[in-house]
Amino acid sequence: MRTIVMSKQNIEGSIQSIKSRTKVIKKALDTAKQLKSRNDEPGNTTPTKRCYCGNNAKLTHQNKYGRVKEKLIRVENVPVYSCEECNEQFISGSDSLVYAVRLKEAYAENKNTIAFK
Ligand SMILES: [Zn+2]
C-alpha cells in the first residue's frame, strides 16, 4: 500500500515537472514567434542599417568565403548590409555570430559549401 502511494506521488511530481518544462518551451516559442513576426512585417521595404558614413546600408544576400584554420568554406546567402555611398559592407552583430557558428559546423562536418540558414 505504501509503495503505491509513493509511486503515485512520484508520478504527480513528474507530471508537475513536465508541465513546468512545457511552460518554459511554450514561452520560448512565443518569443521566437514575436521576433519572427517583427521581421516579417508586411509592406516592409528592404531592411537597412545605418552605415558609419551616415548613409543607410541596404540588406543584400551574398555568398561569402570564410576561413577556418587552413580550410576555405563557402557560405551562401549571407545577409550583408551594403552601403551605396561608401561601398562599405557589414554583417549585423547577431548574424555574424550565426556566420561564425555555421563556419565551425561546416568545418566539423568537413563541408566546403553551406547555406547561411
Ligand atoms: Zn557608408
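A short reminder: the numbers here are calculations on the coordinates, not readings from a lab. All values derive from a computational prediction rather than experimental measurement. Cβ atoms come from the backbone with ideal geometry, glycine included; neighbour counts cover every protein chain shown.
Observations
- In a fully extended conformation the segment linking Gln9 and Val24 would gain 3.1 nm over its present Cα-Cα distance, using 0.36 nm per residue.
- Cβ crowding within 10 Å ranks Cys83, Cys53 as Cys53, Cys83, fewest other Cβ atoms first.
- For Val101 and Arg67, the difference between the fully extended length at 0.36 nm per residue and the C-alpha to C-alpha distance is 11.0 nm.
- Annotation: amide H-H contacts under 5 Å for Asn63 (H modelled 1.01 Å from N, sequence separation of 5 or more, or interchain): Asn77, Val78.
- 3J(HN,Hα) from dihedral phi, region 49-63, Karplus parametrisation 6.51/-1.76/1.60, rounded to Hz, x for glycine, proline: 9, 6, 7, 5, 7, x, 7, 8, 8, 8, 6, 10, 10, 10, 8
- Environment charge of Lys49, counting only residues whose C-beta is closer than 12 Å and scoring Lys/Arg +1, Asp/Glu -1: 0
- The calculated FRET efficiency for Asn56 paired with Ala115, based on their beta-carbon distance and R0 = 41 Å, is about 0.95.
- Taking other residues whose beta carbon is less than 9 angstrom from the beta carbon of Thr113, and scoring Lys, Arg as +1 and Asp, Glu as -1, yields +1.
- Around the amide H of Ser92, modelled in the peptide plane, lie the amide H atoms of Tyr81, all under 5 Å away and 5 or more residues distant in sequence or on another chain.
- Coupling constants for region 85-92 follow from the phi torsions by the Karplus curve (6.51 cos²θ - 1.76 cosθ + 1.60, θ = phi - 60°), and in residue order they are 7, 10, 6, 6, 10, 8, 10, 5 Hz; glycine and proline get x.
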